[in-house]
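> Quick one: the structure is below, and I'll ask about it shortly.
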Amino acid sequence: MSDVAEINLEVSDFELKKISEETGIGLSVDELKVVQEYFQKKGRKPTDIELQALGQAWSEHCCYKSSKYYLKKYLFHLKAPQNINVIKEDAGIIEFDKDHAYAVALESHNHPSAIEPYGGAATGIGGILRDVVCMGAQPIALIDPIFFALPTTKSSVIPKSVKHPKFIFSGVVDGIRDYGNRVGIPTIAGMTCFHSGYLGNCLVNVGCVGIVNKKDIIYSKVGNVSDYFVLAGGGTGRDGIHGVTFASKELDDDSATASRSAVQVGDPITKEPLIHACLEANEKKLLTGMKDLGGGGLSCVVGEMALAAGFGAKVQLENVHLKEKDLKPWEIWVSESQERMMMSVREEHLKEVLKIFEKWDVPAVIIGQVIPEKRMELTWKGDKIYDMDLEFVTTGPSYKRPIRPVRINNEHNNYSEPENYEVMIKTIINSLNCASKDWVIRQYDFEVRARTISSSLVGHINNETHADAAVIKPLESSQRGLVFTSDVNPNTVAIDPFWGSAGAVDECVRNIVATGARPHSFADCLNFGNPEKPDKMWEFSQAVQGLAHVAGKIGATFVSGNVSLYNEGPAGACPPTPTILGIGIIDDVDDIITVPFKKEGNLVYLVGKTRDEMAGSVYFNLRSLEGGKVPKVNPYELANASAGLLELANMNKISSCHDISEGGLILALAEMCIGNGIGASIHIKDLLRGDISLFSESNTRWICEVESKDSDAFESNLQAHCTSFALIGTTGGTSLSITHNKRKLADLPISELIKEWQAPLWEIMG
Amino acid sequence: MGKKEVIVTVGLKEGISDPEGKNVKKALSLLGFKEVEEVKILKSYKITINENKCKDIDEKVKAMAEGLLTNPVVHDYEISW
Amino acid sequence: MKPEDINICILRIEGTNNEQEMYDAFKRLGTKPHLVHLNELSSLKPYQCLMIPGGFSAGDYIRAGTIFASRIKSNFMDELNNFIKEGYAVGGICNGFQVLVELGLLPGNPKGNGTITACLSRNDSARFECRHSILKHVSSKKCVFTSLLPQNEQLIVPSAHAEGKFLLSGGKKAYEKLEKNGQIIFKYVNYKGETNAPYPWNPNGSPYNIAGICNKRGNVFGMMPHPERSFFSKNEHGYSGKILFESVVKYIGGTF
């Protein structure tokens, strides 16, 4: 048994801490004492592999020990009739039509991407694809919200151990591109956001949606006692060891070198046949359960699959196929090597399953069997090296950590109007968070699979503007479409985590509705700082309540998600970032509404109410102004306005529609002009100052283009839905001209808007 | 039989534009390396073969280079061992 | 032959990933497409058309399409040459085009000895580009994939590749010869239809804006953009990517 060591936990607290550090298991002294007690009762010392398994299972990443209290209290009980199986599995399952469902998963791959952006981002894509495939679903779309410090950051302000954001940004985009494109799933939506707080703490969130015939849905649990565990895909290696424990602490100066082995290496060309083989075996009804190997490796997967069915497992660890020699048993057990799937198979189907994998040139081996007791037993070349109760391993601790509210400053000093509105407008359009992201979008194959109805770019070829949401038609036989958007504004969340988070859900709904679709489900990826710091924990608890404030009231709930804590590095914590993936359904993809103005002489309406809510706005940031109110959300107003607009969309009364978000009314108008090169004359009348009217980022607002013959229907419908609106102008001409309360503020040629809006990222990134 | 390591280096022929190289040059100069005059992308293959007759090695590796590793329309290659 | 008797072989290996949409395109026209893994292909006899779909065959490691091409060469090159000689249709889209070029089948040479005379080299932008392209059908010659599409008609078709710059050995003369033979089928143009439109209209920097070519006989065809992805998106004259598939189905139906 020289490959396995016993570890003595009958030692002082100081020694326990040392054990945790030296073995890299990342457990606290208190947690180790629970382990100590468990083994005292057993009357023996734990082995290294047992301790490592506990370290994995009890990590923040695997057992959500800091976050589950709040998630359970505020989010998990929300219900919607279309939800089939949500929250519990790797991906949420929601009804698509009578015979089909879709699977949604969203995850973070922040820490690995900060250390090695290319591999980190690529394997993020690999992981999220497996989460969808293991439900039996065919992936149809990838959605990638990514967050960086400004690529223009001066090298002199970057801590020594932190890589330049430009390097990280381009490496992450390269990784997503090379993996997503190679595996042949369109990267269809996402967001790219810049904020100084992401220095040393980039966020790489990856989402995937798949489609599945309801009769093919399979869950992450074994079927029955004596089912076999079949491990398929790439070999197990040292890559990705301690990935989850690494993701559950702050990055420090040594992380870059010490943690390289925590980053996995992606191999899309193994993944692609692995997907085919798994789906084929599932469709032939040869599997009783399936689960991907992600965080925690074999250790988590075998245990969770067995326990979910109320059983246990016995594993012969030497059967696992390796890609490098001399791995210790514990390394095999916790490795997070990529491109692996676990299936449970009844004896009579074993041969056929192995044959399918052989056809696809994908290795598959039998590593163990289901046993009736809820216990996990591992052997290594005949010796027993692991014997623990599964409930003890899998349940893990749960904490209600202390919180400390942070005072929110709503006051702001008086500030002047901009001297020159045209210059201010161009500065906004030209700022990195507002400008065109086509430098990123075009590197991704958003058309592969030929099911893309509308990507993130819409309008005249090579002058496209940003879409509100992307649209996919998943089935050959149906016109029904799925609509995708991902949103969050870290600027507002950082100031007020409750309203900022509520605003992220509002923005998702706006984008879905602007496309003509019904909001149908959400996934969340909650990226926050160190939960052991009370102010960070407060941010988290506020954010979760903000999400629940809106989500419960609009007919769609959170179906899947992920919490990423400890996003803190040498330069501080990242801004709290609850990324929301919103999914909508439209009955006929021929009816989608897009952003660009369609025709000269149409009416332009502002739907919703503009308020003096300037905190966190692009305008305030560019002028270095602080304070002010963060945009709030009234979920009932949102539900009413959405219902009204969707009725109008069904009646074909809306020619184009765009939500108003970052950059305010002016950016929304500019983007609508850019897409097809059609200008507009805008005359706003309100009681606000000009800059507030144009640049406020109040929630629950849209701009709609409406044919004049439809204006009565448009207005009466919105009135019936208690939704405020204003006719603010007409389309036409070659410029965007703005008057506010009869004062002329700007007249900007579309050609100039296009130039200002398109150029920035290309100039910086080349 | 002995093992031999052979390096095949593939590059673009003179006169064929090298957009990747140009791009790297631009990136380097943006990082402050203004003295960089040109960057060319070369791709190397380290091939370990069971063969110790020099003449045979040369012939075989040449066949590999011309049969798979290069497209003669745009590539030159060099063998070293 | 009736459409339902036409058997189309869509060849795949690890990393080809556009086969399902290619399959759907032929299926919609009532023919019988088959997804065939190279490991499973024993003979081309049952088929009247061979399609090589887009994707990243074998990861596009070494060069795009090279590994797929070399595996075809070692498995069934003679049979493929006979298939072409008998007039059956062979098409390659995107990565498939790269494969046909690496096989020496496009533009093809008179000796038919498989010498490679062209290359789809790295885009001038040095990056993968996904954008819609406007293509003009510039050949009057009846390529079997475009016979139903009138000359000078334009299509909007998505491009998505990193290596699509079509280079020909033999310089200017070689391009002129290709043009004279009617082998240049599609050129990238702008909204005005100009065949010298620069980047981004020409997404990869191909000399003469070449987007797709055929062999001298017109039964082997390759193009970088993806007609199977614009099967339904019609232009103002009612043409979409569908016309290419209709053309080849009509050709096979009328010939065999």
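> Which of the numbered conditions does A:Ser661 fail, given that it passes all the others? Conditions: (1) hydroxyl-bearing (Ser, Thr, Tyr); (2) farther than 30 Å from A:Thr427 by Cβ; (3) under 27 Å from the mean Cα position of the chain (by Cα).
(2)
> Test C:Asn219 against the stated conditions and say whether it is more than 10 Å from every other protein chain (Cβ to nearest Cβ), in contact (Cβ under 8 Å) with a residue 60 or more places away in the chain, out of contact with any helix residue (DSSP H, G or I) (no Cβ under 7 Å at 6 or more places or on another chain) and at negative phi.
On the way: more than 10 Å from every other protein chain (Cβ to nearest Cβ): yes; in contact (Cβ under 8 Å) with a residue 60 or more places away in the chain: yes; out of contact with any helix residue (DSSP H, G or I) (no Cβ under 7 Å at 6 or more places or on another chain): no; at negative phi: yes.
No, not satisfied.
> In segment A:271-313, how many residues are within 14 Å of chain C (Cβ to nearest Cβ) and acidic (Asp, Glu)?
As a first pass, look at segment A:271-313 and keep what is within 14 Å of chain C (Cβ to nearest Cβ): A:271-277, A:279-280.
Right, trim to acidic (Asp, Glu) and you get A:272, A:280.
The total comes to 2.
> Just for strands (runs of 3 or more DSSP E) wholly inside segment A:518-625: which have at least 1 residues that are over 28 Å from A:Ala103 (Cβ atoms) and at pLDDT 95 or above?
Because the criterion is at least 1 residues that are over 28 Å from A:Ala103 (Cβ atoms) and at pLDDT 95 or above, the strands (runs of 3 or more DSSP E) in segment A:518-625 that meet it are A:603-607.
> To continue, here is another question. Name the residue, out of A:Ser477, A:Ser486, A:Ser501, that is free of Cβ contacts under 8 Å to residues at least 40 places away in the same chain and either surrounded by fewer than 24 Cβ atoms within 10 Å (Cβ to Cβ) or in contact with a Pro (Cβ under 6 Å, 6 or more places away or on another chain) (or both).
Criteria check complete, one pass: A:Ser477.
> Would a scan of segment A:635-647 turn up a residue that is aliphatic (A, V, I, L, M) and outside any helix (DSSP H, G or I)?
No - not one qualifying residue is present in segment A:635-647.
> Please find, within segment A:471-496, the residue that is farthest from A:Arg701 (Cα to Cα) out of those that are touching a strand residue (DSSP E or B) at 6+ places or on another chain (Cβ under 6 Å) and within 14 Å of chain C (Cβ to nearest Cβ). Break it down stepwise before answering.
The first filter runs over segment A:471-496 and keeps only residues touching a strand residue (DSSP E or B) at 6+ places or on another chain (Cβ under 6 Å), leaving A:471-474, A:481-488, A:490.
Filter once more, so that each one left must be within 14 Å of chain C (Cβ to nearest Cβ): A:471-474, A:481.
Working: A:Val471: 21, A:Ile472: 25, A:Lys473: 27, A:Pro474: 29, A:Gly481: 24 Å.
My answer is A:Pro474.
> Go through segment A:277-293 and report how many residues are surrounded by fewer than 22 Cβ atoms within 10 Å (Cβ to Cβ), farther than 15 Å from A:Asn213 by Cβ and not hydrophobic (A, V, I, L, M, F, W, C).
The number of residues fulfilling the criteria is 1.
Per-residue answers, yes or no, for (1) among the hydrophobic types (A, V, I, L, M, F, W, C); (2) surrounded by 24 or more Cβ atoms within 10 Å (Cβ to Cβ); (3) within 28 Å of A:Gln82 (Cβ to Cβ):
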site	(1), (2), (3)
A:Tyr102	no, yes, yes
A:His109	no, yes, no
A:Ser113	no, yes, no
A:Pro117	no, yes, no
A:Ile125	yes, yes, yes
A:Arg130	no, yes, yes
A:Val133	yes, yes, yes
A:Gly136	no, yes, yes
A:Pro145	no, yes, yes
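> Sort through A:Ala114, A:Ala122, A:Ala57, A:Ala101 and tell me the only one that's modelled with pLDDT under 95 and in contact with an Asp or Glu (Cβ under 8 Å, 6 or more places away or on another chain).
Only one candidate qualifies: A:Ala122.
> Is it the case that some residue within segment A:220-227 is among the hydroxyl-bearing types (Ser, Thr, Tyr) and under 30 Å from A:Leu274 (Cβ atoms)?
yes
> For segment C:101-123, does any single residue satisfy the condition of being in contact with a strand residue (DSSP E or B) (Cβ under 7 Å, 6 or more places away or on another chain), of a type in the set (D, E, K, R) and within 14 Å of chain B (Cβ to nearest Cβ)?
Yes.
> Anything in segment B:14-51 that is free of Cβ contacts under 8 Å to residues at least 40 places away in the same chain and basic (Lys, Arg)? List them, or say none.
Passing the criteria: B:Lys22, B:Lys25, B:Lys26, B:Lys34, B:Lys40, B:Lys43.
> While we're here: Out of (1) more than 18 Å from C:His132 (Cβ to Cβ); (2) more than 12 Å from every other protein chain (Cβ to nearest Cβ), the odd one out for C:Met224 is which?
(1)
> So A:Gln545 ticks every box in (1) more than 27 Å from A:Gly572 (Cβ to Cβ); (2) over 17 Å from the mean Cα position of the chain (by Cα) but one. Which box is left unticked?
Looking at each condition in turn, A:Gln545 falls short on (1).
> Turning to a different aspect of this structure: What strands (runs of 3 or more DSSP E) completely inside segment A:365-470 contain at least 1 residues that are away from chain C (no Cβ under 14 Å) and of a type in the set (D, E, K, R)?
Details: elements: A:375-380, A:383-389, A:452-454.
Correct list: A:375-380, A:383-389.
> Give the residues of segment C:186-203 that are of a type outside the set (A, V, I, L, M, F, W, C) and more than 16 Å from the chain's Cα centre (by Cα), sorted by residue number.
Of everything in segment C:186-203, those that are of a type outside the set (A, V, I, L, M, F, W, C) and more than 16 Å from the chain's Cα centre (by Cα) turn out to be C:Asn190, C:Tyr191, C:Lys192, C:Gly193, C:Glu194, C:Thr195, C:Asn196, C:Pro198, C:Tyr199, C:Pro200, C:Asn202, C:Pro203.
> If a residue must be away from chain A (no Cβ under 14 Å), within 22 Å of A:Asn463 (Cα to Cα) and part of a strand (DSSP E or B), how many such residues does segment C:177-210 contain?
1
> What number of residues within segment B:11-52 satisfy the criterion of being more than 9 Å from every other protein chain (Cβ to nearest Cβ), part of a strand (DSSP E or B) and within 13 Å of the chain's Cα centre (by Cα)?
Count: 5.
> Anything in segment C:124-176 that is within 20 Å of C:Val189 (Cβ to Cβ), of a type in the set (Asp, Glu) and within 13 Å of chain B (Cβ to nearest Cβ)? List them, or say none.
Listed by number, the residues that qualify are C:Asp124, C:Glu129.
> Now a separate question. Which residue is farthest from C:His161 (Cα to Cα), if the candidates are limited to segment A:164-184 and must be surrounded by fewer than 18 Cβ atoms within 10 Å (Cβ to Cβ) and away from chain C (no Cβ under 14 Å)?
The selected residue is A:His164.
> Moving on. Pairs needed: first member in segment A:273-294, farther than 24 Å from A:Arg182 by Cα and in contact (Cβ under 8 Å) with a residue 40 or more places away in the chain; second member anywhere, of a type in the set (D, E, K, R) and not in a helix (DSSP H, G or I); C-beta distance under 6 Å; at least 6 residues apart or different chains.
A:Thr288/A:Asp227; A:Gly289/A:Lys221
> Going through segment A:98-120 one residue at a time, which ones are within 30 Å of A:Tyr566 (Cα to Cα), touching a strand residue (DSSP E or B) at 6+ places or on another chain (Cβ under 6 Å) and of a type outside the set (Val, Ile, Thr)?
A:Ala103, A:Ala105, A:Leu106, A:Glu107, A:Ser108, A:His109, A:Asn110, A:Ser113
> Check off (1) closer than 23 Å to A:Glu60 by Cα; (2) at pLDDT below 95 for A:Val206 and give me the number that stays unchecked.
Single failed check for A:Val206: (2).
> Out of the residues in segment A:190-211 that are under 30 Å from A:Glu304 (Cβ atoms) and touching a Phe, Trp or Tyr at 6+ places or on another chain (Cβ under 7 Å), state the one that is surrounded by the fewest Cβ atoms within 10 Å (Cβ to Cβ).
By that ranking, first place goes to A:Ile211.
The values are calculated or read from the model by the stated rules, or taken from the named source; none is laboratory data. Just so it is clear, the structure is predicted and the values come from calculations on it, not from any experiment. When we count neighbours, we look across all protein chains shown, and the Cβ atoms used for this are built from the backbone with ideal geometry, even at glycine.
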